[in-house]
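Colleague: Here's a structure for you.
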Amino acid sequence: METHDDASIDKHVRTYLAVFGSLLVLTLLTVWVSTLEHSVAIGVAIALFIATVKAGLVASYFMHLLSERKVIYGVMALTVFFFLAVLLLPVLTAANGIGS
Amino acid sequence: MSHAIPFTVEARPDTGLNNVKLGIWLFLASEVMLFGALFAGYILLRVGNPEWPMGHTILNVPLATVNTVVLITSSVTMVMSWTSLLRKNLGRFRLYMGVTVGLGFVFLTIKYFEYSAKFHHNLLPSTNTFLAIYFTLTGLHMLHVVGGMVVNAYLLGPGSKMWRTEPQQFTNRVEVAGLFWHFVDLVWIFLFPVLYLL
């Protein structure tokens, strides 16, 4: 937040409450979708998609990532890269052997 | 008031950041790697196992849904405690921070009931792979909740003395404590569907 006068704080508080409402709705949506009949792969894709949207809302608005400095974007980009490496390297290494 | 260490409160002109901001984001980056490694472990264990139980057949989905709502609400009250300090309202800050810590206790209480029910039915981390990774992931997350609560309780209690002498620095401390708390909420946002619903 660049300016901290009362009017801009009020606007941000309204945003926080809107995000809160969205997060509650998305949580209930996640639980509801999990009760429907579908394959595991579809279930995983939908659940992770909704979780990513929720995480995006928390990061962008509660953590002010949308209005952060370039340096923090740089730190996050580096983290995402290495996070994907940590996630994919073991799985891809073992992928050939999975199910055999 | 100038500090012995530069950019404690005022931003560096080149990056636009002060030390707390950069410090907490670097720490959160390390936490992403910690939980990311465990999530990768979960994926590997799951796809490598011929049989894997659906989470809702073993775990309590309604309780976990309540816990999800509890943590999301605590994130809102945490950010409201910070905006209260921006509005120079210490009383409001105390109220919102108190609620945040209280909701943390609610989360821990629900987890206590969940865990003890599992142990009562002899469902331990050693019982099978699913339970092993479930207890590891949620146990580590729970430790982070406790850590966050300790910091928040300090800021609510003895730490709030700083408001009288260094209000800007105290406000920044509350902001970065909030960033950690939001991260703890974020991890749960992924843990909940992955472990309980899939």
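Nothing in this text is a laboratory measurement; each read-out follows from the coordinates by a stated rule. On a predicted model such as this, the values are computed, not experimentally measured, just so you know. Neighbour counts run over all protein chains shown; Cβ positions are idealised from the backbone, glycine included.
Colleague: Which order results if B:MET97, B:MET33, A:MET76, B:MET80 are arranged by neighbouring Cβ count within 10 Å, fewest first? Can you show the working numbers first?
Modeller: Numbers: B:MET97 26, B:MET33 14, A:MET76 18, B:MET80 21.
Going from sparsest to densest Cβ surroundings: B:MET33, A:MET76, B:MET80, B:MET97.
Colleague: Moving on. How big is Rg to Rh over chain A, alpha-carbon atoms, Rh as the Kirkwood inverse-mean-distance radius?
Modeller: Details: Rg = 18.5 Å, Rh = 16.7 Å.
That ratio is 1.11, to two decimals.
Colleague: Return the subset of B:LYS21/B:LYS111; A:LYS11/B:LYS111; B:LYS21/B:LYS88 for which the Cα-Cα distance in this structure is over 27 Å, preserving the input order. Could you put the intermediate results ahead of the total?
Modeller: Working: B:LYS21/B:LYS111 31 Å; A:LYS11/B:LYS111 35 Å; B:LYS21/B:LYS88 21 Å.
Those over the limit are B:LYS21/B:LYS111; A:LYS11/B:LYS111.
Colleague: Given bins 10 angstrom wide, list per bin the percent of all Cα-Cα distances in region B:21-117, short to long.
Modeller: 14, 24, 37, 18, 6, 1
Colleague: For region B:1-120, what relative contact order do you get, as a whole percent, if you take Cα pairs closer than 8 Å and at least 6 residues apart?
Modeller: Numbers: 57 pairs, mean separation 19.7, N = 120.
With pairs under 8 Å counted, the relative contact order is 16 percent.
Colleague: When the dipole is taken about the Cα centre of chain A, and only Lys, Arg (+1) and Asp, Glu (-1) are charged at their Cβ, what size is it in debye, to the nearest 20?
Modeller: Working: 5 positive and 6 negative charges, 41 e Å.
The calculated dipole for chain A is roughly 200 debye.
Colleague: Per 0.36 nm of contour for each residue apart, how much would the distance between B:THR129 and B:GLN169 grow if the chain were fully extended, relative to their Cα-Cα spacing?
Modeller: Working: separation 40, 0.36 × 40 = 14.40 nm, distance 4.60 nm.
Length gained between B:THR129 and B:GLN169: 9.8 nm.
Colleague: To continue, here is another question. Using the Kirkwood radius over C-alpha pairs as Rh, can you work out the diffusion coefficient of chain B via Stokes-Einstein at 20 °C, viscosity 1.002 mPa s, in µm² per second?
Modeller: Values: Rh = 18.4 Å.
Estimated via Stokes-Einstein, D reaches 116 µm²/s.
Colleague: Follow-up. Treating cross-link reach as a plain straight distance, find the aspartates and glutamates whose alpha-carbon is under 12 Å from the alpha-carbon of A:LYS54, omitting any fewer than eight places away in the same chain.
Modeller: B:ASP185
Colleague: In nm, to one decimal, how far is the modelled label at B:LEU34 from the one at A:LEU92, with both set 7 Å along Cα→Cβ?
Modeller: 2.7
Colleague: Can you run phi through the Karplus equation (6.51, -1.76, 1.60; θ = phi - 60°) for region A:39-52 and list ³J(HN,Hα) in whole Hz, with x for Gly and Pro?
Modeller: 5, 4, 4, 5, x, 4, 4, 5, 4, 5, 5, 5, 4, 5
Colleague: While we're looking at this one, here's another question. Distance from the Cα centre of region B:159-191 to that of region B:33-67, in angstrom?
Modeller: Between the Cα centres of region B:159-191 and region B:33-67 lies a distance of 29 Å.
Colleague: Tell me, Kirkwood radius of the protein assembly as shown from alpha-carbon pair distances, in Å? Could the numbers behind the result be given before it?
Modeller: Values: mean 1/r = 0.0488 Å⁻¹.
Evaluated on the protein assembly as shown, it is 20.5 Å.
Colleague: Using a cut-off of 12 Å between beta-carbons, work out the net charge of the residues near A:ALA59 (Lys and Arg +1, Asp and Glu -1, A:ALA59 not included).
Modeller: Details: positive: A:LYS54; negative: A:GLU68, B:ASP185.
Net local charge, A:ALA59 excluded: -1.
Colleague: Checking the cross-link filter: which aspartates and glutamates have an alpha carbon closer than 17 Å to that of B:LYS161, excluding same-chain neighbours under 8 positions apart?
Modeller: List returned: B:GLU175.
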